[in-house]
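Everything below concerns the one structure shown next.
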Amino acid sequence: MSVYQIKEIKQKDNYSFSILWTDGKAVDYRLSDLQKLCPCANCVDESTGERKNNPDLVDEQVRAVKVQSVGRYAVRITFTSGCSLGIYSFEDLRRYFT
Amino acid sequence: MPLPMFGLKNESAAGGKPVHTIAIASGKGGVGKSTVAVNLALALKRQGLRVGLMDTDIYGPSIRKMLPEDRMPGQKGDRLSPALSRGIRLMSMAYFRQENEASVIRAPIANGVISQFIHQVDWGELDCQIIDFPPGTGDIQLTLAQQANITGAVMVTTPQEIALMDVKKSMHLFDQVKIPVLGIIENMSGLQSGGETVYPFGKGGGKRLAREGGVPYLGEIPIDPLLCQKSDRGESIFEEEGPSTSAFLAIAERIQEQLKGLSELGVGAFEMQWQEMGE
């Protein structure tokens with residue numbers, strides 16, 4: 001069971017959003033950083049875990065169409081680049097962005 | 001400094017969404033999930049809560065038999081209104097099939113039906129929505145876990161090892177999707193016979209599972225002929241006193257305590273549409 005839940009989520013600017021977690025920690029997330037870590041099957045080889053998308057080619061100005069919850073454990077981001085399959089778990093959002 | 005929320009559609013604040021959504025699950029079939037779901041709903045209703053009950057067993061819905069409707073569900077455009085039985089709002093596949101007609105449908109269609117139950121039913125104001133899960137840990141269970149904004153899961157087991165094994169798998173599913181397990185109910189616990197209690201399915205399995213899983217033990221429900229008879233006739237066990245009546249009321253109270261004790265629930269289900277903002 002994840003210790004943390006999202007208490008509040010806000011768009012910060014055109015390229016990032018911020019999350020206030022239930023433990024009081026506030027973290028900003030830039031969309032380009034998130035897409036570099038996209039966990040979807042198009043971006044990561046499911047069998048080897050090897051990254052298939054080149055993080056250097058991710059547009060630093062990438063935006064989102066929407067950010068939505070997935071149950072009580074993750075968020076799904078629809079990027080303007082077309083990628084929309086990645087499910088970012090709360091644990092990963094806390095682990096990679098502190 | 002973050003700017004104000006834009007386009008945040010918080011479903012739980014949008015009206016008509018329940019305060020708490022409780023999954024009644026097991027992993028194993030035949031342990032009495034639907035019986036527990038129905039009688040917990042009646043017990044919570046009796047304790048003053050506004051209760052809804054969603055039967056998500058598309059292939060073997062049985063809630064309608066136990067809770068015959070006072071009012072059938074309705075449809076207006078793409079919106080559905082729930083059925084009503086004893087003051088409990090209900091939705092089930094049983095309303096869309098003849099009693100002995102099977103739902104011969106593949107998983108994507110079944111998932112579509114579940115999504116409709118979650119998103120297209122106008123439940124009205126509810127304090128508590130109970131979702132009767134189908135057995136297993138597959139596609140439908142995952143859809144429910146991802147879309148139904150479940151507050152917590154109540155696991156139902158019978159005392160024997162073979163049931164505990166499947167319940168553990170179901171608990172693992174809830175752990176994977178970060179839905180807290182509110183506790184374990186042991187159903188078909190013991191039978192009063194000739195002044196003594198006999199345990200045809202073994203003794204203490206539910207307590208042991210709760211101890212091993214580090215989750216609360218919510219109580220046991222005895223094998224009660226009255227419960228069986230009343231369920232088959234579509235009558236409420238709460239019309240008269242019996243061993244299972246007091247058990248359900250006590251368990252409903254413990255569930256309410258568990259819900260109060262949950263740490264902050266967070267924002268719940270949301271969808272944030274991206275907005276153009278100044279550079």
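Here, each number is a calculation from the coordinates, and none is a lab measurement. All of these numbers come straight from a predicted model, not from anything done at the bench. All Cβ positions, even for glycine, are placed from backbone atoms using ideal geometry, and neighbour counts span all protein chains on display.
Miscellaneous remarks
- Counting 0.36 nm for each residue step from B:Thr197 to B:Tyr59 and taking away their Cα separation leaves a gain of 46.2 nm.
- Per-residue shielding of B:174-182, expressed as the average number of other chain Cβ atoms within 10 Å of the residue Cβ, stands at 4.
- FRET efficiency estimate (nearest 0.05) - Cβ-Cβ, B:Arg79 to A:Arg51, R0 41 angstrom: 0.40
- Cα gyration tensor, chain A - rounded (a/c under 1.5), prolate or oblate: oblate
- Protection proxy ranking, peptides B:143-152, B:79-88, average beta carbon neighbours within 10 Å, highest first: B:143-152, B:79-88
- Spin-label pair B:Met72/B:Gln47, simplified geometry with 7 Å Cα→Cβ offset, distance in nm: 3.5 nm
- Label-point gap, in nm, between B:Gln176 and B:Leu262 - each point 7 angstrom along Cα→Cβ: 2.1 nm
- Remark: the Cα gyration tensor places the protein assembly as shown in the prolate category, a/c being 1.5 or greater and a/b exceeding b/c.
- Shielding of A:63-69 by partner chains, average beta-carbon count, 10 Å: 6
- FRET efficiency, 1/(1 + (r/R0)^6) with R0 22 Å, evaluated for B:Glu253 and B:Val19 via beta carbons: 0.85
- A protection proxy built from the mean count of other Cβ atoms within 10 Å ranks the segments B:215-222, A:46-53, B:44-51, most packed first, as B:215-222, B:44-51, A:46-53.
- B:Ile109-B:Glu276 FRET efficiency (beta carbon distance; Förster radius 41 Å; 0.05 resolution): 0.60
- Summed over qualifying helices (DSSP H, 4 residues or more, each -39500 (n - 2.57)) and divided by its residue number, the protein assembly as shown shows a 222 nm mean residue ellipticity of -8500 deg cm²/dmol.
- Those Cys residues of the protein assembly as shown for which no other cysteine Cβ falls under 4.7 Å: A:Cys40, A:Cys83, B:Cys128, B:Cys228
- Among the residues of A:85-95, the average count of other protein chain beta-carbon atoms within 10 Å of the residue beta-carbon is 1.
- Links that overshoot a 28 Å alpha carbon limit, given the list A:Lys36/B:Lys168; B:Lys178/B:Lys260; B:Lys28/B:Lys65; B:Lys76/B:Lys260; B:Lys76/B:Lys169: A:Lys36/B:Lys168; B:Lys76/B:Lys260; B:Lys76/B:Lys169
- Between A:Asp23 and A:Arg95, the simple label model (points 7 Å from Cα in the Cβ direction) yields a spacing of 1.4 nm.
- The range B:22-83: C-alpha gyration tensor shape, a/c 1.5 cut-off, then a/b vs b/c: oblate
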